[in-house]
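Novice: Sharing a structure here in structure tokens format.
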Amino acid sequence: MNDKKEKSIPTESIAKICIICNEAKPLSFFGKSVNYKCGINSVCKVCHNKRAKEWKIDNPGKYKKNYNKQNKSENHKEGVKTWRAKNKVKHLETQYLWRKNNPEKWAMIQRNGQLKRLYGIDHSVYLKMLESQNGKCKICGSETHNGRGLYFHVDHDHKTGTVRGLLCHHCNTLIGCSEDKISTLKESKKYLELHNV
């Protein structure tokens, strides 16, 4: 009796021809697909990505509509959560590499997140406010933010949360230390006038 088991053939040794570039490539170069009996796409990943990018450029309206419909569905959201839970290390590595390769985009994502969380606006609204103030502090008219950061401070009412304007570091500190009390600012003015400042 022959008890020899059949040896499995490594997928890297099996070649498949891409119907786009007509090149024979290992199976690992092709994505999975339920549309084919073999379970493997007939187009290699390189050609598939290239074709997808071209379609995205040629059909911006359809792409945005399909993207929003797909990514806002509950099934998609649950699928993403499940994948991330099962692939924590890979997900973190992917995030790290993207942030490393896209520092400016990542900085803007953080910027928008901070503005949205603290003031309910995004960077585009900030830029419109700055333009309406001619690129200057709302109080002293300084063209520089006078602080360690890159932007003017977003001044807001701490009771209502209403955004009032963009201030330089010095003026924002002045308003903050006075606790928005007009009486304190008036007395400060009298004090300075008394000492001929």
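Every number in this text was worked out from the coordinates using simple rules, so none of it is lab data. Here the structure is a predicted model, which means the values were calculated and not measured. Note that each Cβ is placed from the backbone with ideal geometry, even for glycine, and that neighbours are counted across all protein chains shown.
Novice: First measure r as the distance between the Cβ atoms of Met108 and Leu194, then evaluate 1/(1 + (r/R0)^6) with R0 = 45 Å and state the FRET efficiency to the nearest 0.05.
Specialist: So, using R0 = 45 Å, E works out to roughly 0.40.
Novice: Here is a further query. Note the angle between two axes, namely the Cα long axis of helix 123-132 and the longest principal axis of the Cα atoms of the chain, as a number of degrees from 0 to 90, rounded to the nearest 10.
Specialist: Compared with the principal axis, the helix lies near 30 degrees.
Novice: On C-alpha positions alone, give me the angle between the axis of helix 182-194 and the longest principal axis of the chain, in degrees, nearest 10.
Specialist: Helix 182-194 sits roughly 50 degrees off the main axis of the chain.
Novice: To the nearest 500 deg cm²/dmol, what mean residue ellipticity at 222 nm is calculated for the chain from DSSP H runs of n ≥ 4 alone, each contributing -39,500 (n - 2.57), summed and divided by the residues?
Specialist: Values: 8 runs with 102 residues, N = 197.
One gets -16500 deg cm²/dmol as the mean residue ellipticity at 222 nm.
Novice: Which of Lys32/Lys105; Lys56/Lys128; Lys136/Lys159; Lys138/Lys181; Lys62/Lys116 have a Cα-Cα distance over 22 Å?
Specialist: Details: Lys32/Lys105 31 Å; Lys56/Lys128 30 Å; Lys136/Lys159 25 Å; Lys138/Lys181 18 Å; Lys62/Lys116 28 Å.
With Cα atoms farther than 22 Å apart: Lys32/Lys105; Lys56/Lys128; Lys136/Lys159; Lys62/Lys116.
Novice: If you don't mind, there's one more thing I want to ask. Count charges around Leu166 for me, please; just the other residues with Cβ under 10 Å from its Cβ, Lys/Arg as +1, Asp/Glu as -1.
Specialist: That works out to +2.
Novice: Taking the chain as the reference, fit the longest principal axis to its C-alpha atoms, fit the long axis of helix 74-86 to the helix C-alpha atoms, and give the angle between the two in degrees, 0 to 90, nearest 10.
Specialist: It is inclined by approximately 80 degrees.
Novice: Can you sort Tyr126, Tyr151 from fewest to most other Cβ atoms within 10 Å of each residue's own Cβ?
Specialist: The fewest-first ordering by Cβ neighbours comes to Tyr151, Tyr126.
Novice: Give me Rg over Rh for the chain, both radii from the alpha carbons and Rh done the Kirkwood way, two decimal places.
Specialist: On the way: Rg = 29.1 Å, Rh = 23.4 Å.
So for the chain, dividing Rg by the Kirkwood Rh gives 1.25.
Novice: At R0 = 25 Å, how high is the FRET efficiency between His158 and Ser183 if r is their beta carbon distance? Nearest 0.05 is fine. Display every interim value, and only then the final one.
Specialist: Details: r = 17 Å, r/R0 = 0.67.
After rounding, the FRET efficiency stands at 0.90.
Novice: Fewest to most neighbouring Cβ within 10 Å: what's the order for Cys140, Cys18?
Specialist: Numbers: Cys140 12, Cys18 19.
Ascending number of Cβ neighbours within 10 Å: Cys140, Cys18.
Novice: Hey, rough spin-label estimate for Asp122 and Lys86, points 7 angstrom out along Cα→Cβ, what's it come to in nanometres?
Specialist: Rounded to a tenth, the inter-label distance reads 3.2 nm.
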